[in-house]
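The structure appears right after this line, and notes come after that.
The values are calculated or read from the model by the stated rules, or taken from the named source; none is laboratory data. Not measured: the values here are computed from a predicted model. Glycine gets a Cβ as well: all are built from the backbone with ideal geometry, and neighbour counts include every protein chain shown.
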């Protein structure tokens, strides 16, 4: 059986292969068909059935399983479900190991969840910085959405408050400096 981190590298390589074979439309089709409609149909069914409480059930345990260091925060109310990813374990693995085959690995999350959420009656606002940090706000399509002001939904846990959100620093930089302050970042 392939391990979780090995999976991330193979997953990312697959996106690049599909892109070479059929361009970005083929990659997007793969995300929608193979992930949204197939491997993650349990999430699709749960969120369609239960809405925001279903999102909490699904991502509440999935993110803990994928990121036991709790490199994320979930904030939710009756009208919004927000995830702030401070240190994505899969993108972090790719960065730490110098693996970059596909031009936008981070886009795969929205590539399958975007169509799923739209079909379930939700809108999603999302941004990622290609360094293992992102945020998503999910709301019922009947409510007003848009990029909420920084800190207005998740307070001090808003990933956009990180000093390196819009800089060249990567999670690898933070990891290296935290473990060995004299070591230069890669």
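List of remarks:
- Segment 134-154 - residue that is free of Cβ contacts under 8 Å to residues at least 60 places away in the same chain and not in a loop (DSSP other than H, G, I, E, B) and, of those, surrounded by the most Cβ atoms within 10 Å (Cβ to Cβ): 135
- Flag if residue 84 is more than 22 Å from residue 42 (Cβ to Cβ), within 12 Å of the chain's Cα centre (by Cα) and buried (at least 21 other Cβ atoms within 10 Å of the Cβ): yes
- Residues that are under 16 Å from residue 131 (Cα atoms) and out of contact with any strand residue (DSSP E or B) (no Cβ under 8 Å at 6 or more places or on another chain) within segment 148-167 comprise 161, 162, 163, 164, 165, 166, 167, listed in sequence order.
- Any hit, segment 121-128, residues being assigned to a helix (DSSP H, G or I), in contact with a helix residue (DSSP H, G or I) (Cβ under 9 Å, 6 or more places away or on another chain) and either modelled with pLDDT of 90 or more or farther than 22 Å from residue 39 by Cβ (or both): no
- The criterion of being out of contact with any strand residue (DSSP E or B) (no Cβ under 6 Å at 6 or more places or on another chain), at pLDDT below 90, surrounded by 15 or more Cβ atoms within 10 Å (Cβ to Cβ) and outside any helix (DSSP H, G or I) does not hold for residue 36.
- Residue within segment 55-63 that is touching a residue at least 60 places away in the same chain (Cβ under 8 Å) and either surrounded by 12 or more Cβ atoms within 10 Å (Cβ to Cβ) or more than 28 Å from residue 158 (Cβ to Cβ) (or both) present: yes
- As for segment 48-59, it holds no residue that is modelled with pLDDT under 90 and within 20 Å of residue 165 (Cα to Cα).
- Considering residues of segment 1-16 that are more than 14 Å from residue 107 (Cβ to Cβ) and crowded, with 16+ Cβ neighbours inside 10 Å only, the residue modelled with the highest pLDDT: 9
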